[in-house]
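Undergrad: Questions regarding the structure given below will be posed in turn.
The values are calculated or read from the model by the stated rules, or taken from the named source; none is laboratory data. Just so it is clear, the model here is predicted, and its values are computed rather than measured. All Cβ positions, even for glycine, are placed from backbone atoms using ideal geometry, and neighbour counts span all protein chains on display.
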Amino acid sequence: MMNKNWNREFPDVPEHVHQAVLSTLAGLDERKGKRVKRMKKGKIIILIAAAVAVLGTTVSAAEIFRWNNRATEVFVADEEQQKELVTEQIAQEGAQTVTDAGLTIQAVQTIQDNNCFYALFEITAEDESMQITAEHSMGVQLDYQGSESPFSYLGMGFVDESDQAVSNSRYFEIYGTKAESGQEDLNMKIQFTSLNAPGAKAVEGDSMLEGNWEFLLNLHATQPVVYEVNRECQIAGCAVMVRTVELTPISVKLTCDMDGVRQLEKQEGVNLDQLDTITSLFINGVKYQDGTVVEEEGFQNTREGWENDIYSKTAKLTTVVDVDKVSALLVGDNMDEISLQ
């Protein structure tokens, strides 16, 4: 076994895995190990199995998969939180690339739970003189593999120029809020059909490149932590009976009785039945057990309304939270606390 040429035995791996695995293998041989070749993504599991069998050492998916920088801007998370989301299969690597008609599309990363969905692609034109801006668009067809669309809201587009310089390559995002919280896996086919020039407002521009770029996604939901609150909380000066708070690292669902929410409606001069929103129930952050406050920043996809005379609000969190450490949900401009203890 000591004379085994590990460089030939193992297929390629991502660069940052080379050193982790080779440094472990070096313990079997005092000689400095050679560099292994790059591995096809589908064979990563071979390397992991071999490492376990030979060394009794586990190389986790979280150690192999590193988050894309753009994804960390959309879901702010430290390194440990990133690893946790990979381990729980909330975050997954795309690992698919399709080239057609002079355009390469790579599925970079997906992030989803029982409430929200995010997919990141990178679109690259072979012609380096082609400049892809935020005003360009992609023709996209979505197929949910025999099921109805699970989304109440779905948006997509190239990232803004303040987030990425103009070149022949640009990130493209698809993001959505599910109509109902659910634990089922999400199986969907995303088919890109064209790269389109900038068009008039709300009108798609002319097609620049046409082709077929198809991606199959099998995404796992996650089990939320459910807090049975069942007590009145003071929110914007009104007594609101809060029933439940459901938390995952990237989303929250709040349910309350009708009477208190109707008081908030009247106080704010809004009407949920007319698709208004209640600002005093906007999710503004969480408080941890040690007193640390994690405030929400940026755009927050939400679903809000009545479910059998119970008010329900679901929101995507822009900052990943450590669910086990949360002691209170913070709502409204006054950061009113809904205690979970």
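Undergrad: Please indicate, with yes or no, whether at least one residue in segment 81-89 is in a strand (DSSP E or B), without any contact (Cβ under 8 Å) to a residue 60 or more places away in the chain and of a type in the set (D, E, K, R).
TA: Checking segment 81-89: not a single residue is in a strand (DSSP E or B), without any contact (Cβ under 8 Å) to a residue 60 or more places away in the chain and of a type in the set (D, E, K, R).
Undergrad: OK, next. Please go through segment 196-230 and pick out each residue that is hydroxyl-bearing (Ser, Thr, Tyr) and either in a loop (DSSP other than H, G, I, E, B) or under 14 Å from residue 144 (Cα atoms) (or both).
TA: Residue satisfying the conditions is 222 alone.
Undergrad: Residue 245 versus (1) farther than 17 Å from residue 115 by Cβ; (2) surrounded by 18 or more Cβ atoms within 10 Å (Cβ to Cβ); (3) in contact with a Phe, Trp or Tyr (Cβ under 8 Å, 6 or more places away or on another chain): which is the lone unmet condition?
TA: Exception for residue 245: condition (1).
Undergrad: Can residue 193 be described as in the same structural domain as residue 96 (by TED's automatic domain parsing), of a type outside the set (Asp, Glu), over 19 Å from residue 216 (Cβ atoms) and part of a strand (DSSP E or B)?
TA: In short, no.
Undergrad: Is it the case that segment 211-229 has a residue that's under 26 Å from residue 324 (Cβ atoms) and among the aromatic types (Phe, Trp, Tyr)? Talk me through it step by step, then tell me what you get.
TA: Initially, segment 211-229 is screened for residues under 26 Å from residue 324 (Cβ atoms), giving 219-229.
Adding the requirement that they be among the aromatic types (Phe, Trp, Tyr) leaves 227.
Checking segment 211-229: at least one residue is under 26 Å from residue 324 (Cβ atoms) and among the aromatic types (Phe, Trp, Tyr).
Undergrad: Which of (1) more than 24 Å from residue 285 (Cα to Cα); (2) modelled with pLDDT of 90 or more; (3) not polar (S, T, N, Q) does residue 80 not meet, given it meets every other one?
TA: (1)
Undergrad: Restricting to segment 156-186, name every residue that is within 27 Å of residue 305 (Cβ to Cβ) and either acidic (Asp, Glu) or in a strand (DSSP E or B) (or both).
TA: Correct list: 156, 157, 173, 174, 175, 176, 177, 178, 180, 184, 185, 186.
Undergrad: Something else: I'm checking my understanding of the structure. Among residues of segment 96-121 that are among the hydrophobic types (A, V, I, L, M, F, W, C) and more than 16 Å from residue 173 (Cα to Cα), which one is surrounded by the most Cβ atoms within 10 Å (Cβ to Cβ)?
TA: It comes out as 103.
Undergrad: Within segment 299-308, is there a residue that is under 30 Å from residue 78 (Cβ atoms), of a type outside the set (Lys, Arg) and not in a loop (DSSP other than H, G, I, E, B)?
TA: Yes, segment 299-308 contains at least one residue that is under 30 Å from residue 78 (Cβ atoms), of a type outside the set (Lys, Arg) and not in a loop (DSSP other than H, G, I, E, B).
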